[in-house]
Amino acid sequence: MKKKRFLSKLKNIGPGAMVGAAIIGPGTVTTASQTGATFGYTLIWAIVFSIIATMFLQEMTTRLGVVSRMDMGTAFRRQFSHPLLRAITVILIVSAITIGNAAYEAGNITGGAIGLGAMTNIPVNVWGIITGL
């Protein structure tokens, strides 16, 4: 009985905890700490801009879902019926996802390499390549 209650509580947490643990990992903490120590408050505009941009994007996506009862993928499919426009849309979306994931992963790899470099005498550049592979 206790096992079922535990699994029920675990299901309520959902994937959010896993995503949070993946996003706020050692690489992110190390990279953010290193950047903060190097640049101080110089890059605060980037945080403010990203928060505002995310708020606008979430609000527009929510409005689209509430008003039209469609998700973004369905809305794009219905909006762009011409094959060329559809292909351009797919290329832009895949490019945005790929570039975003590459930037995220580069930060994680860099943070991990900095941490490993601090623990050993091996240069960060070498750890970056090893971690990337």
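Listing for the model above:
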read-out	value
Hits in segment 24-47 - residues which are aliphatic (A, V, I, L, M) and surrounded by 10 or more Cβ atoms within 10 Å (Cβ to Cβ)	24, 29, 32, 43, 44, 46, 47
Within segment 55-133, helices (runs of 4 or more DSSP H) holding 3 or more residues that are open to solvent by 60 Å² or more (accessible area, probe 1.4 Å) and more than 19 Å from residue 28 (Cα to Cα)	72-79, 83-119
Pairs, first closer than 20 Å to residue 100 by Cα in segment 41-67, second modelled with pLDDT under 90 and open to solvent by less than 90 Å² (accessible area, probe 1.4 Å), C-beta under 9 Å, six or more apart	43/35; 43/36; 61/72
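The values are calculated or read from the model by the stated rules, or taken from the named source; none is laboratory data. These numbers were taken from a predicted model, which means no experiment stands behind them. FYI the Cβ positions are ideal-geometry reconstructions off the backbone, even for glycines, and counts take in every protein chain you see. Only protein heavy atoms, including side chains, enter the accessible area calculation; ligands, DNA and RNA are left aside. Shrake-Rupley method; radii C 1.70, N 1.55, O 1.52, S 1.80 Å.
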